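Reading through the structure tokens given below for one structure.
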Amino acid sequence: MSISSLMARSANAAWLLPLCFAVTQAQANNSHDLTFEGDGTFLIPHQGNSIHVAIVDIHANDVVTKQSGTISGTEEPSFSFHFSDVFEEGKLYDVHYWIDSNFGEGSEGSCDPIDIDHQWRLAFNNISDDITEVVKLAPEEQAPVCATFQQ
């Protein structure tokens, strides 16, 4: 084999190596969607209340994204949020959400303590595909998340 043939093959191999690495990296960092919805148990007690949702990267202790909306009083799902490419495989996430219910008192538009505004936290790990999570109203499972929404 001539030197020019070897050099051409080496150049091709050197060109292909970064492509192989890029494909491996892309496969290692697969991203997945989250569809987050509330079932009909939210309809009556929270009809017309605003709901706020945040995705939190647990290791980085960072809010990845937030969305907000209004709870329906007439149809299911009572709320629905779609987050595209929000979860990376190998990472741990929480979904924090609260409803501006202002039971008793409270401030419209700000996250008040649990006994005034309902709040929850859901953990997501071992993510390997898109996720659809449908939650039920569960006041007994509340967790304080206001700090997430004050960032």
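For the stretch 66-107, with all protein chains in place and a probe radius of 1.4 Å, 40% of the accessible heavy-atom surface sits on carbon or sulfur. In this structure residue 81 has an accessible area near 10 Å², from a 1.4 Å probe over the protein heavy atoms.
Extension gain, residue 74 to residue 146: 0.36 nm times the residue separation minus the Cα-Cα distance gives 23.2 nm. Under 5 Å from the amide H of residue 49 lie the amide H atoms of 71, each residue being 5 or more positions distant or on a separate chain, with H modelled from the backbone and absent for Pro and chain starts. For the stretch 126-132, putting each phi into the Karplus relation 6.51 cos²θ - 1.76 cosθ + 1.60 with θ = phi - 60° gives couplings of 6, 7, 9, 7, 4, 10, 10 Hz, in residue order, rounded to whole numbers and with x for Gly and Pro.
Note on the stretch 61-151: Kirkwood hydrodynamic radius from all Cα pairs is 14.6 Å, rounded to one decimal. Accessible surface of residue 58, taken over heavy atoms with a 1.4 Å probe and every protein chain present, rounds to 70 Å². Label reach from residue 59 (point 7 Å along Cα→C-beta): in the stretch 110-129, amide nitrogens under 16 Å belong to 124-128. Per residue, the stretch 28-151 exposes 51 Å² of solvent-accessible protein surface, assessed with a 1.4 angstrom probe and all protein chains in place. Under the combined filter of DSSP loop state and at most 13 neighbouring Cβ atoms within 10 Å, the stretch 91-151 retains these trypsin sites (Lys or Arg not before Pro): 136. Work out the charge dipole of the stretch 40-89 with +1 on the Cβ of Lys and Arg and -1 on the Cβ of Asp and Glu about the Cα centre, then indicate which of 84, 51, 67 is farthest towards its positive end. Looking along the dipole axis, the top candidate is 51. Among the protein heavy atoms, those of residue 41 account for about 60 Å² of accessible surface (1.4 Å probe, every chain in place).
The values are calculated or read from the model by the stated rules, or taken from the named source; none is laboratory data. A quick note: this is a predicted structure, and the numbers were derived from the prediction, not measured. FYI the Cβ positions are ideal-geometry reconstructions off the backbone, even for glycines, and counts take in every protein chain you see. Surface areas here come from the heavy atoms of the whole protein model, side chains and all, with no ligands, DNA or RNA. Shrake-Rupley method; radii C 1.70, N 1.55, O 1.52, S 1.80 Å.
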